[in-house]
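Single-structure report; data block below.
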There are 2 protein chains.
Amino acid sequence: MKLPRRRPASPKKTAVGGSPEATRAALLQAATAVFVASGYEQARVRDIAERAGANVAAINYHFGSKEALYLEVLRRQASERIERYPLPDPAQSATPEAALQAALTMLLSRLLADDQRGFVPKLLMRELLAPSAALPAMVQDVIAPQFRQLSAVVTALLGPRADAATIQRCTFSLVSQCMFYLFARPLVQTLAPQTYDDGAVARLSAHIAQFSLGALRAQRELLERADA
Amino acid sequence: MKLPRRRPASPKKTAVGGSPEATRAALLQAATAVFVASGYEQARVRDIAERAGANVAAINYHFGSKEALYLEVLRRQASERIERYPLPDPAQSATPEAALQAALTMLLSRLLADDQRGFVPKLLMRELLAPSAALPAMVQDVIAPQFRQLSAVVTALLGPRADAATIQRCTFSLVSQCMFYLFARPLVQTLAPQTYDDGAVARLSAHIAQFSLGALRAQRELLERADA
DNA sequence: GACGGAATCAAACAATTGTTTGAAACAGTC
DNA sequence: GACTGTTTCAAACAATTGTTTGATTCCGTC
């Protein structure tokens, strides 16, 4: 009693559709979910195939290997999130202070937004914990641009006397406060359960901006007093 | 040509010693190294046994299973690190500023010190990524005390007008800057390779203290101006 | 409706995993 | 020196892994 498996939207397992492209897409979607849930090493190709309603061999047929599939998932998710949350143009902000606020909001949005189930942030966490061959590309594509952008804003706020090392450390201080709410979420939720309620991004970015603006102004005064 | 394997410090593979206790100890030490390097799932019992100069079966004989060995390693490492880096007494510091500096140094030490190969911090990362039943105990034993301590220091620096939420967020800002250098290490090393050179803890804690003291003073002024 | 390449499948494959086994070596006691 | 319980060992075990295979099904084309 075999029903036709191709075009007629086969009601087989999940939603393979029927065309080869549909299989590919289903595998990608299933792989994303499984990789996020288990990480690369713990993810099982059989889980992915089953979830996609496809055969195990389909993975190697369409992508070559488990690792190639992983890299493909990573590449797609990262670029998608990047274009969903474009970096704000610093020239559009009236003041460096406004630019900082805008940049922090976007950074936090990227890290905390729950659309797409937070794939990229979770994968980023996994990569940082157990770096794979994918991390360098991820740093270059996702992190470095944000870091450069923030560095420019910090440079504007610290004034002309700031050296490169100071700019770098201060930028780290900004990034760290944002990433903290991603990484330490289970911890923060234990200590302050209401933190991730509605409007979290706005609330947190406002605090981080206020905290950091005070720090950067003080740092600037310090630099200029030392230089004088 | 079998040489006597027991007491006479057998020069076999590594340093099993000879007695059953020595085998146990060697297994524990090797297991610690391997678990830290690879994590529980990726750690191979054969690696551990070889590193300890023991037979694979010795693990199951002495500890019952791979998981039991892991939990034993965990238990020992956690308690050891806690007593190695005791929290500084805030009453011993002359000023709140000095107390902040001392607390940050100790926090960073705990997170970055490479003795024992940073087992507990790495485990903390794994727990935050995939929380298990061990996390609550870990928060209670390792994190919460530091957080309370830092909160007290922050309260002193922010002055009497600070509300609980502000104190909490500012303390998070402090903790986040410290944890960042643990979590984002692969990232930081890409962007600023020299960061973890000798004296990292002193250098980083000095920056974080300076940055944050400026932020906290500004915050205090803000609070007092708004209240006045 | 037969041909042919693309796609899918169940099954087998080779490698690796944690664990168990049964014999051997050991130390202590009588 | 034989007995006993403990400890160690090489080897095998059972389960799981990613991958490959060879047959089969599909679909457009002639």
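Annotations
- Selection from the range B:33-58 of residues that are touching a Leu at 6+ places or on another chain (Cβ under 9 Å) and near DNA strand C (Cβ under 6 Å from one of its atoms): B:V45
- Hits in the range B:157-177 - residues which are touching a residue at least 24 places away in the same chain (Cβ under 8 Å) and surrounded by fewer than 18 Cβ atoms within 10 Å (Cβ to Cβ): B:G159, B:R161
- Inside the range B:202-211, residues that are more than 14 Å from A:R220 (Cα to Cα) and open to solvent by 30 Å² or more (accessible area, probe 1.4 Å) make up a count of 3.
- Test for A:T190: is it touching a helix residue (DSSP H, G or I) at 6+ places or on another chain (Cβ under 7 Å), in a helix (DSSP H, G or I), free of Cβ contacts under 8 Å to residues at least 12 places away in the same chain and open to solvent by 50 Å² or more (accessible area, probe 1.4 Å): yes
- Close pairs from the range B:36-58: first not assigned by TED's automatic domain parsing to the domain that holds B:Y70, partner in a helix (DSSP H, G or I) and within 8 Å of DNA strand C (Cβ to nearest atom), Cβ under 7 Å, at least 6 apart: none
- Screening A:A91 against (1) touching a helix residue (DSSP H, G or I) at 6+ places or on another chain (Cβ under 8 Å); (2) over 27 Å from B:E41 (Cα atoms); (3) surrounded by fewer than 20 Cβ atoms within 10 Å (Cβ to Cβ) leaves a single unmet condition, (1).
- For the range B:116-146, taking the residues that are touching a Ser or Thr at 6+ places or on another chain (Cβ under 8 Å) and crowded, with 18+ Cβ neighbours inside 10 Å, the one that is modelled with the highest pLDDT is identified as B:V139.
- Scanning the range A:147-177 for residues that are among the polar types (S, T, N, Q) and at the interface with another protein chain (Cβ under 7 Å from one of its Cβ atoms) turns up A:Q168, A:S173, A:S176, A:Q177.
- Pairs, first modelled with pLDDT under 90 in the range B:214-228, second outside any helix (DSSP H, G or I), C-beta under 7 Å, six or more apart: B:D227/B:R161
- Subset of the range B:35-69 that is within 14 Å of chain A (Cβ to nearest Cβ) and open to solvent by less than 20 Å² (accessible area, probe 1.4 Å) - its residue that is farthest from DNA strand D (Cβ to nearest atom): B:V36
- Checking the stated criteria, A:R126 turns out not to satisfy the condition of being more than 7 Å from every other protein chain (Cβ to nearest Cβ) and part of a helix (DSSP H, G or I).
- Annotation note: of B:G199, B:G214, the sole residue that is open to solvent by less than 60 Å² (accessible area, probe 1.4 Å), more than 11 Å from chain A (Cβ to nearest Cβ) and either more than 18 Å from A:S173 (Cβ to Cβ) or in contact with a Gly (Cβ under 9 Å, 6 or more places away or on another chain) (or both) is B:G199.
- Candidate set from the range A:94-115 (those that are over 18 Å from A:D141 (Cβ atoms) and among the charged types (D, E, K, R)); member that is most open to solvent (accessible area, probe 1.4 Å): A:D114
- Test: residue in the range B:178-185 that is more than 10 Å from chain A (Cβ to nearest Cβ) and surrounded by fewer than 21 Cβ atoms within 10 Å (Cβ to Cβ): no
- Which listed residue is farther than 15 Å from B:F180 by Cβ, in contact with a helix residue (DSSP H, G or I) (Cβ under 8 Å, 6 or more places away or on another chain) and either in contact (Cβ under 8 Å) with a residue 60 or more places away in the chain or more than 12 Å from chain B (Cβ to nearest Cβ) (or both), from A:A206, A:A144: A:A206
The values are calculated or read from the model by the stated rules, or taken from the named source; none is laboratory data. Quantities reported herein were computed from a predicted structural model and do not represent experimental measurements. Every residue, glycine as well, gets a Cβ built from its backbone with ideal geometry; the counts of neighbours run over all protein chains shown. Only protein heavy atoms, including side chains, enter the accessible area calculation; ligands, DNA and RNA are left aside. Shrake-Rupley method; radii C 1.70, N 1.55, O 1.52, S 1.80 Å.
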